[in-house]
1. Name the residue that is surrounded by the fewest Cβ atoms within 10 Å (Cβ to Cβ), counting only residues in the stretch 82-103 that are away from ligand 1 (no atom under 15 Å from the Cβ) and part of a loop (DSSP other than H, G, I, E, B).
2. Tally up the residues in the stretch 38-56 that are within 16 Å of ligand 2 (Cβ to nearest atom) and buried (at least 17 other Cβ atoms within 10 Å of the Cβ), please.
3. Given the options A109, A128, A102, name the one that is in contact (Cβ under 8 Å) with a residue 24 or more places away in the chain, in contact with a Phe, Trp or Tyr (Cβ under 8 Å, 6 or more places away or on another chain) and more than 16 Å from ligand 2 (Cβ to nearest atom).
4. G73 - would you say it is within 16 Å of ligand 2 (Cβ to nearest atom), touching a residue at least 40 places away in the same chain (Cβ under 8 Å), surrounded by 13 or more Cβ atoms within 10 Å (Cβ to Cβ) and under 17 Å from the mean Cα position of the chain (by Cα)?
5. Can you say whether Y61 is in the same structural domain as L206 (by TED's automatic domain parsing), away from ligand 2 (no atom under 16 Å from the Cβ), out of contact with any helix residue (DSSP H, G or I) (no Cβ under 9 Å at 6 or more places or on another chain) and not in a loop (DSSP other than H, G, I, E, B), as far as the supplied structure shows?
6. Considering R129, R97, R117, which residue is farther than 18 Å from E180 by Cβ and basic (K, R)?
7. Quick one: which residue in D158, D162 is in contact (Cβ under 8 Å) with a residue 40 or more places away in the chain, acidic (D, E) and closer than 30 Å to G65 by Cα?
8. Under the condition of being polar (S, T, N, Q) and within 16 Å of ligand 1 (Cβ to nearest atom), which residue from the stretch 21-60 is farthest from G81 (Cα to Cα)?
Amino acid sequence: MPAVITLALSKGRIFDETLPLLEAAGIRALADPEVSRELVIGTSRADVRLLVVRAADTPTYVQYGAADLGIAGKDILLEHGGAGLYQPLDLGIAACRMMVAAPEGFDYAGSVRRGARLRVATKYVKTAREHFGAKGVHVDLIKLYGSMELAPLVGLADAIVDLVATGNTLRANGLAAVEEIGPISARLIVNQASLKVKRGAIQPLLEAFGRAVAARAAGNR
Ligand code: PRT
Ligand code: MG
């Protein structure tokens, strides 16, 4: 019997954008996590199953070997730190940018120049600490779990660190991006021990994903 391969991923944009890559690897999910309540989803391949987890939990499942593989945003991986994970492939999906944003009209550059202490609300505390630390900007970080765009509107923070895709959410809340921290996309992650023990099953999957990503990139050119 072949080794069972378990892939952890979150529903929503990661799941939706992973489906075509799985299909290119000959794998079809047998349920839709938006409809089904099952958290373990079988696939058209008896030896491959999917775990539906919260986006921020994906690296944890893979780190501890509860899943062999996972698909996680670089934002999540930066916060997790990457211990125990092999990150062989940028899938190029769920792309966006990590940005500093502030209310329109807020003089961010001037505040930084004057050495003002900024209150920054974010879910990405580690990334924000490293970003502002490297620039020598003084910040008090306020940890939030979502809807960061609200914080400056109600005086909780001067600025936020959040992901921006279209920019619509910032605009709708009277905010503007003031600094880019870096580009973000989803990565394939692999448990380091799984890769050794189940290499025969995992390696062909990594190659199929790699081909699917290359083919899509070629199609986009
Ligand atoms: O939403 P939930 O609380 O359930 O979990 P989650 O936010 O952790 O997961 P999910 O599914 O929303 O995001 C999964 C991954 O998608 C993230 O870890 C990112 O790597 C990636 N991704 C890509 C994004 C976005 N684009 C994105 N635009 N994640 C979130 N956003 C949010 C952003 O935080 C902001 O609130 O969308 C809003 C901005 O979008 P625009 O288009 O208005 O700029
Ligand atoms: Mg979300």
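The values are calculated or read from the model by the stated rules, or taken from the named source; none is laboratory data. These numbers come from a predicted model, not from an experiment. Every residue, glycine among them, receives a Cβ derived from its backbone with ideal geometry; neighbour counts consider all protein chains shown.
1. Here the answer is A83.
2. We begin by selecting, within the stretch 38-56, every residue within 16 Å of ligand 2 (Cβ to nearest atom); these are 52-56.
Keeping just the survivors that are buried (at least 17 other Cβ atoms within 10 Å of the Cβ) gives 52-53, 55.
The qualifying residues number 3.
3. Working: A109 fails: in contact with a Phe, Trp or Tyr (Cβ under 8 Å, 6 or more places away or on another chain); A128 fails: in contact with a Phe, Trp or Tyr (Cβ under 8 Å, 6 or more places away or on another chain).
Testing whether each residue is in contact (Cβ under 8 Å) with a residue 24 or more places away in the chain, in contact with a Phe, Trp or Tyr (Cβ under 8 Å, 6 or more places away or on another chain) and more than 16 Å from ligand 2 (Cβ to nearest atom) leaves just A102.
4. Working: within 16 Å of ligand 2 (Cβ to nearest atom): yes; touching a residue at least 40 places away in the same chain (Cβ under 8 Å): yes; surrounded by 13 or more Cβ atoms within 10 Å (Cβ to Cβ): yes; under 17 Å from the mean Cα position of the chain (by Cα): yes.
The answer is yes for G73.
5. Values: in the same structural domain as L206 (by TED's automatic domain parsing): yes; away from ligand 2 (no atom under 16 Å from the Cβ): yes; out of contact with any helix residue (DSSP H, G or I) (no Cβ under 9 Å at 6 or more places or on another chain): yes; not in a loop (DSSP other than H, G, I, E, B): yes.
For Y61, the condition - in the same structural domain as L206 (by TED's automatic domain parsing), away from ligand 2 (no atom under 16 Å from the Cβ), out of contact with any helix residue (DSSP H, G or I) (no Cβ under 9 Å at 6 or more places or on another chain) and not in a loop (DSSP other than H, G, I, E, B) - is met.
6. On the way: R129 fails: farther than 18 Å from E180 by Cβ; R97 fails: farther than 18 Å from E180 by Cβ.
Of R129, R97, R117, the one residue that is farther than 18 Å from E180 by Cβ and basic (K, R) is R117.
7. On the way: D158 fails: closer than 30 Å to G65 by Cα.
Only one candidate qualifies: D162.
8. We begin by selecting, within the stretch 21-60, every residue polar (S, T, N, Q); these are 36, 43-44, 58, 60.
Keeping just the survivors that are within 16 Å of ligand 1 (Cβ to nearest atom) gives 58, 60.
Working: T58: 12, T60: 10 Å.
Only one residue fits best here, namely T58.
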